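Worksheet: one structure, shown below.
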Amino acid sequence: MIVCSRIMILKEKQTTVKHWMFTAVALIIVCILFINTTAYPDVKHRSKGQWWIYMYTEVLPSENKYIDKARLILKNLWNQAQRSGIKPPKLIVIPRKYDQEVTSQAFILPDSSLIITESLLDLTIAKNEADEATGEARLAFVLSHELTHLLNKDHKHFGSVLLFQKIVDKNYLKDARLAELHADENGIFIMTMAGYKPKQVFDLDGTNFFADYQNKIRKKLKLPEKTKNDEMHPEAILRAEELRLRLVMFSDKLRLFATGIERYHQERYRQSEELFRTFFHYFPSREVANNTGLSIFQQARNRVAGCKDLHYRLKPAILLDGKTRGDIFIDYIKKSQISEKDFIACRPDAQFRELIKSAEEFLTLAEKKDDGYQSAKVNQAALKIIEGNYSAAIQAIEPLFLEDPANPYSKTNLALALFLSDPEGYRSRSLSLLREISAESTIYQQTLINIGLMVKVDE
């Protein structure tokens, strides 16, 4: 009996344990479901990209072939617009079926999530599939516009998501409209620096993407009561006209670049640096950064002009970018010869080293804006040569040479870097590389100088 009683008690305990286990599991499941359904409904979570993914899901590249292209465009734009302290943007695409549930087809959040809908891809890239440049440019403009809001931290002034705010204050409305116009202007600059054509967005021939965007997309949006007429966003015609006027004013700034080129040719390198620096403030493109760095580089070279040391007498190839993506044209620089009289012993001073460092910063920035930008790579190698860091020069220029062995600039700098690193070991190859440069080359004269110096090295 005692044994049987103990067995019965044990079974009861097991049943009780199982009951509590099932109860606990059930409670955990309920909690998970509750958490999942209440994690993001609060308005405050709208400032985070995960809230949008949770509420509306996210379109993946496997579901829309244009998403990868859109991400690449955004990456190119960010290379131009990036600013320290600001998180790189992440593109999130919302399904087009939710067009009626959102207040904009494109907006950026404080956490750097850039939200767009599939309908925007339809209107830009998909619609212009036969004209790839137009589709990419129009999407680039919209994304650049939103990046400007991020860079200016407009969410701190107008709310986490600008369009969610109810407009009741006229001053608020005025400031919001100005922010939109500024985003248009800066957006045009960013996309232009990234290599996209602004004329595809609006042009004097009547092209007006603002109108297309407003008529075909924004009319479908579910706007707050106070924004039924899209008061925050200026009308399409007004936006285009304001942007045209702003670009007319900017055209005066282009003279800074042209004058900088002129001063560089005159060997007034300090003045060209100042002009390029000033223009960089308005248009911080790769070529402006390159030319600023090159102007500083030339000042550094002047600090050691007439030096007897061979690596200061040899002339590395450099490239002044005479054409900015701001539509300024001028020919490649034709380097002047270094005077060979009154040679002195080389003692690079502190200012020389400071100039070299400053030049390197700008050339690095130029390359960072476009990792395929050849001018910056050529000039980086030239900088390393005059600095005496030949291994770094070879490392910088060799990939460019292997990519295009006929390029006279990369060929020149590779020849000089190899020769200076080991004059006896690389003399034959270096001379061979230089002699391959044709008489038609723009750097033929300086090539002859380099060949002559290499031949006379024993003297």
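Of the conditions (1) out of contact with any His (no Cβ under 9 Å at 6 or more places or on another chain); (2) surrounded by fewer than 23 Cβ atoms within 10 Å (Cβ to Cβ); (3) modelled with pLDDT under 90, Lys75 clears all except one; give me its number.
(3)
So that you can scan it fast, the table gives a plain yes or no per residue for (1) outside the structural domain of Asp371 (by TED's automatic domain parsing); (2) small (Gly, Ala, Ser); (3) closer than 28 Å to Glu367 by Cβ:
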site: Arg83; (1), (2), (3): yes, no, yes
site: Pro110; (1), (2), (3): yes, no, no
site: Leu114; (1), (2), (3): yes, no, yes
site: Ala130; (1), (2), (3): yes, yes, no
site: Ala133; (1), (2), (3): yes, yes, yes
site: Phe141; (1), (2), (3): yes, no, yes
site: Leu150; (1), (2), (3): yes, no, yes
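What is the number of the single condition among (1) at pLDDT 85 or above; (2) surrounded by fewer than 19 Cβ atoms within 10 Å (Cβ to Cβ); (3) among the β-branched types (Val, Ile, Thr) that Val248 does not meet?
Unmet for Val248, out of (1) at pLDDT 85 or above; (2) surrounded by fewer than 19 Cβ atoms within 10 Å (Cβ to Cβ); (3) among the β-branched types (Val, Ile, Thr): (1).
Within the set of pairs 6+ apart or on separate chains, which have a first residue in region 367-392 that is surrounded by fewer than 20 Cβ atoms within 10 Å (Cβ to Cβ), a second that is part of a loop (DSSP other than H, G, I, E, B), and C-beta atoms under 8 Å apart?
What qualifies is Gln374/Leu319; Gln374/Asn407.
For (1) in contact (Cβ under 8 Å) with a residue 60 or more places away in the chain; (2) farther than 15 Å from Leu254 by Cα; (3) outside the structural domain of Glu185 (by TED's automatic domain parsing), each residue gets a yes or a no:
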position: Arg277; (1), (2), (3): no, no, yes
position: Glu287; (1), (2), (3): yes, no, yes
position: Leu294; (1), (2), (3): yes, yes, yes
position: Gln298; (1), (2), (3): no, yes, yes
position: Asn302; (1), (2), (3): no, yes, yes
position: Ala305; (1), (2), (3): no, yes, yes
position: Lys308; (1), (2), (3): no, yes, yes
position: Tyr312; (1), (2), (3): yes, yes, yes
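Any residue at all in region 361-373 that's among the acidic types (Asp, Glu), closer than 20 Å to Ala300 by Cα and in contact with a Gly (Cβ under 9 Å, 6 or more places away or on another chain)?
yes
Any residue at all in region 41-61 that is surrounded by fewer than 12 Cβ atoms within 10 Å (Cβ to Cβ) and modelled with pLDDT of 90 or more?
Taking every residue of region 41-61 in turn, at least one turns out to be surrounded by fewer than 12 Cβ atoms within 10 Å (Cβ to Cβ) and modelled with pLDDT of 90 or more.
Specify the residue that is modelled with the lowest pLDDT; the eligible residues are those in region 345-355 that are in a helix (DSSP H, G or I) and either over 13 Å from Ser295 (Cβ atoms) or in the same structural domain as Thr192 (by TED's automatic domain parsing) (or both).
In this case the residue turns out to be Ala350.
Quick one: is Gln100 surrounded by fewer than 17 Cβ atoms within 10 Å (Cβ to Cβ), modelled with pLDDT under 90 and in contact with a helix residue (DSSP H, G or I) (Cβ under 8 Å, 6 or more places away or on another chain)?
Against the criterion (surrounded by fewer than 17 Cβ atoms within 10 Å (Cβ to Cβ), modelled with pLDDT under 90 and in contact with a helix residue (DSSP H, G or I) (Cβ under 8 Å, 6 or more places away or on another chain)), Gln100 qualifies.
How do the helices (runs of 4 or more DSSP H) wholly within region 45-146 filter down when requiring 1 or more residues that are touching a Leu at 6+ places or on another chain (Cβ under 6 Å), in contact (Cβ under 8 Å) with a residue 60 or more places away in the chain and not small (Gly, Ala, Ser): which remain?
The qualifying helices (runs of 4 or more DSSP H) are 67-81.
So which residues in region 142-161 are among the small types (Gly, Ala, Ser) and either at pLDDT 90 or above or surrounded by 23 or more Cβ atoms within 10 Å (Cβ to Cβ) (or both), if there are any at all?
If the condition is that a residue be among the small types (Gly, Ala, Ser) and either at pLDDT 90 or above or surrounded by 23 or more Cβ atoms within 10 Å (Cβ to Cβ) (or both), then Ser144 is the only one that fits.
The values are calculated or read from the model by the stated rules, or taken from the named source; none is laboratory data. Because the structure is predicted, anything quoted here is derived from the model rather than measured. All Cβ positions, even for glycine, are placed from backbone atoms using ideal geometry, and neighbour counts span all protein chains on display.
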